[in-house]
Each structure stands twice: as structure tokens, then as C-alpha cells.
Amino acid sequence: MAFDMRQFLKTFLEESFEGLDVMENALLNMDVGAVDGETINTIFRAAHSIKGGSGTFGLQDVAHFTHGVETLLDEMRDGRRSVTQPMVDLLLSSVDVLREMLAAHRDQSQYDEAKVRAVADRIQRELGQSGAAASDPAAQQPAGPTAGSHFTVHFRPKPHLLKTGNEPLRMLRELATFGELTTVCDISALPALVDMDPEEIYLGWELRLQGDATAAQVKEVFEWVEDDCDLRIEEHAHSASPNAAPAPTANREPAASTEARGQPALHLAPPADERREDERRAAGDRRKVALTQDAGSIRVGIDKVDALINMVGELVITQSMLNQLGEDFDMSKLVKLQEGLSQLERNTRELQESVMRIRMLPISFAFNRFPRMVHDLSTKLGKKVELQLSGEGTELDKTVMEKIGDPLVHLVRNSLDHGIETPQARLAAGKPEMGTIHLNAFHQGGNIVIEISDDGGGLPADKILAKARERGLIGPEEALTDEKIYDLIFQPGFSTAEQVSDVSGRGVGMDVVRRNIKDLGGSVEVQSWPGKGSKFTIRLPLTLAILDGQLVRVGQETYILPLV
């Protein structure tokens, strides 16, 4: 029966998005003047994993694009290419493109091909190659034999190869993307059926490739298994046939003789009817994915799962004890029954808390988007800004986490655009030219508190007051406290910006921020100090699922007051 790898696609995509986050954070934290080799290795490993997985799951456009990114990183890793700020910016753009491509595969939607082609062309220009083939995913699909290059690959895996998690068929499929691949299987080491170990591999292959690949690309296919196989790659002159005298380009241990092959040559490309049937099945699977992907998923630490399993075990024991008491109950067992019910109450309460903990995620999931955003916006606005994060391990309910993301984005963008001054203005005010935005999260009672503060110029109370009077929000002689003045910025359409930009200034956003926070049962407060900065404080409930409450009866009415 055929093994369908598509069932693991969702997990691969989740891991790929995490890998892109790793790449992005490492690039943003990279010191261009003194790059740590391990940082480059971290970025390279993430790109390599995405490329390998994309090939496995048939996402050839992603695999081909990532190959160019990986080549750039490999040259940096080997010291053949210096790490410059334009190069870091190009890699950040590549991360954006990969994120968009993977999201399109996840959602079965279309990505911006022109954007992908533009970034791929920039990568190819950096590599000194023609960008046409690499930038167009459709152009990279092999259309048949070409007169480009010919290779013969002798590949014999060590018996334990499968135990390392590697599968030879994937490597053969990857080779087939470079052109026409003919395989000859060597079964000379195959034992009798009774002597076979299903976890070991006994086959070897002679692979003949005709296409456009380079020797480095062919060797790279076997990069992860080079210590677990006997490998010899022979490149033939362009005018020669694949059967001509070989010219070795990469040597490892010589492969076992393939004289006793006993098998005809095989072509890996499936027949057209088979391909069409696969496409129909894939389309059906995509429709299923589109219908079910909204359910979402959550990663849970094994410690939380173990605690939940233990609590269920305790609950089963208590239930069994109560069953025994109920089979032959009399008043002499009343004390034991009360003890059992008390134990059941404790177990149920602990089970509830264990389940609630499963929904809790560290707020770093919401904070992780901001280093890149601050980097891009500060560059665009011509400002120098350092982002400080603290309390990233503070846990919050997944539902609350998903809904607080947009309000945080609005507040951070406003701090960048309105709060932090330009380097020249900061120096003139006796401040360091590098501004600071600080995101902090912590628990307080039954709430989580998120603070967004900056050391900018603060909120202009006089301008806010004048604008409010101009719009008729307050009377011409009405006096307001600072707290009430700052509260005016949450009015729909309110803005003191002198000009509208694509970052802010239209007065759209702050009213949405307050509304979204209120919808979560939270509140937002503003503090500001002229010339020194401002701080927005958001208070939210830890969870929207279950809250403890106290029953209060007043006359004939009963109320529940949340204990928090």
C-alpha cells in the first residue's frame, strides 16, 4: 500500500514557520561587524531543514527558492562571502517570501509570484548566476533530457541507514528534479526472506542523471547521509553519453559491484495517468485541509500531558472507590462516602486546572513578531530604535493570545511613529540617538499585565486638548485632568499627526485597540511624561474559558461575582 506523506504536511508547515522565526530572530540580532559563526550555522540549519522537507512533501517551488538562500548562507559560513547589512536585508526579504509561500501552501491560496521572482533574481545576481531559471518555479521543473550534464552515481547505503531516519527514495526523487534519472538496482546483497531484517537495507543503486545539475548539487542530495553510505559520483563530458568513460568528481568508498544487477532500468517519473490520479487525490486532500485547518492546533509540553494523565488516573481510582461504596451502602459507610466525595472534588478541581494549563502559552508567541517590525519601521522612518522584551515566559490563554496581537501591533507602531524622535531631535534634547521601546508582561492577581513603554517625547497634551476642542469632543472652557486628556486618543478618527503616512496618522486604530481589549474583558491605561516618554498598560484576564465566581443572592435575584 502506498504511504501518503501528505498526512504530515501540517506538522512540517508548523515546524517550518518556527524555523523561519529562528532565522528572522538570528538575522535581526546579528552584529554585522562581528558575526558569530554559530549564528550563521543556526540560520543555515533552519533553511536546510525547510528545503529538505519541502522536497519531501512535493513543494518544489519552496525547495528551489530555499536552495538559493541556502547557497548564500553556505558561502557566508565558509567565509567566501562577507556578511553585510544589504546581505542581511536580502535574507530577511527571503524569510518574508518563504513565509508567504508556505502560508499559501497551507491555505491553498496564491502567493505573489512577482515578489518571489524579484527576490529570487536578487539572490541569483548575488550568486553571479542567471536568475531566470531559479526565479520561476515552473521553469525549474525538468521537461526531459537535456544536453547540460551527465552523471553516474554509485550509491550503496549502509545497512543501518533507515534507522537514522533517512529514506533512499527521497534522495532518488530529489535527483529526478534535475533532469531524466535512470536507476539500476543492485540486489546482490539481498539475503533470503527468512534472514531479512526489516529495519536494515540491502539494496544499492547505479543512478544515471542527464540534466542541468552541477556536481555540487548532485553531491548535496546525499549530504545528510554521506557518512552512512558508500558513494561515488562520476561526471561525464557534455558531449559524452552517460555510458562513456567516467571522470570522478567526488569519491568516497567505492560502491559494490553492480554486475549482478538482475533488474531492468527504471524511470522515476510516473505515467501521465498516475500523475493525474495523484493530482486528483491531492486536490481532494487540499479541500479536506481547507475545511479543517480553522480548528487550529497547540503544542503542549510533555510535562503538562503527564500531569493530565496522572490526574485522570487519580479520578478513575476515586470513581472506582465510590462505585464499591454504592454497591452495598449503609449508614456505617457515610463517613467513607463523604471522604470519597471530597476526594472527587479535589481530583475534579485539579483536572480542571491541568486542562486549563494546556491552553496556556508563553506570551513570547505574541512578542516574537515585534523585533522584525521594529527593525523595518525604524529603517523606514529614519529612526534608531532598540526593542527590549521582558517577561516573555509569562503564560496566557491561547484564545486571548490570538486576539491581543493586533492591539499590540498598533501600540508599538504608534510608539515608533509618534513617540520616538528622530536621532537629530533626540541629540538636540540631550538624549542618546538610540530610542528604546520596552514590552513587558507579568501576572498580577488573576490578570496578565502587558506594558508598552518608550523613552520618546511623550504624548502632547496641549495638541490633544486643542484637537478635541476643534472637533467638539469637549467644551471650549472645559478643564480635564491629564488622565482624561490622554483618554481622548481612543476616540474614533482622533489623530494629532500633521501629515498622513502609510504608518499612521489617519486616526484609525486606537479606538479599535480599546474595543478589542474591552471585548476580552480587559482595560487599557495611558501614562505620559513630557519629553521623557509614555507607557500603555493593558490588563487582561488569564483565560476566557472558566472563571471562579461567588454566588450572591439579593432578594429573589442571584448574581455571580468573578473572584478575580
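In straight Cα distance, which lysines are under 25 Å from K10, not counting same-chain residues fewer than 8 positions off?
K51, K115, K163, K288, K304, K398, K403
With labels modelled as points extended 7 Å from the Cα through the Cβ direction, what inter-label distance (nm, one decimal) is found for T39 paired with R515?
4.2 nm
Please work out the average accessible area per residue across region 1-117, using the 1.4 Å probe convention, and give it in Å².
45 Å²
Taking K431 as the anchor, which lysines have their alpha carbon closer than 22 Å to its alpha carbon, excluding any fewer than eight residues away along the same chain?
Partners found: K380, K383, K384, K532, K535.
Can you tell me how much longer the chain between V335 and Q60 gets when fully stretched, taken as 0.36 nm per residue apart minus their C-alpha distance, in nm with one decimal?
Working it through step by step, the gained length comes to 92.1 nm.
Quick one: with all protein chains in place, what share of the accessible area of region 344-411 is carbon or sulfur, to the nearest percent (1.4 Å probe)?
Answer for region 344-411 is 51 percent, counting heavy atoms of protein chains only.
Sum up the charges of everything whose Cβ sits under 14 Å from the Cβ of I358, counting Lys and Arg as +1 and Asp and Glu as -1, but leave I358 out. Intermediate values should be presented prior to the final figure.
Details: positive: R299, K304, R357, R359, K398; negative: D303, D306, E350, E353, E395, D397.
Taking every Cβ under 14 Å from that of I358, the sum is -1.
For region 344-482, what does the accessible surface come to per residue with a 1.4 Å probe? Please give it in Å².
48 Å²
The values are calculated or read from the model by the stated rules, or taken from the named source; none is laboratory data. Model, not experiment: these values are computed from the prediction. Virtual Cβ from ideal backbone geometry, glycine too; neighbours counted across all protein chains shown. These accessible areas exclude ligands, DNA and RNA; they are computed on the full protein's heavy atoms, side chains included. Shrake-Rupley method; radii C 1.70, N 1.55, O 1.52, S 1.80 Å.
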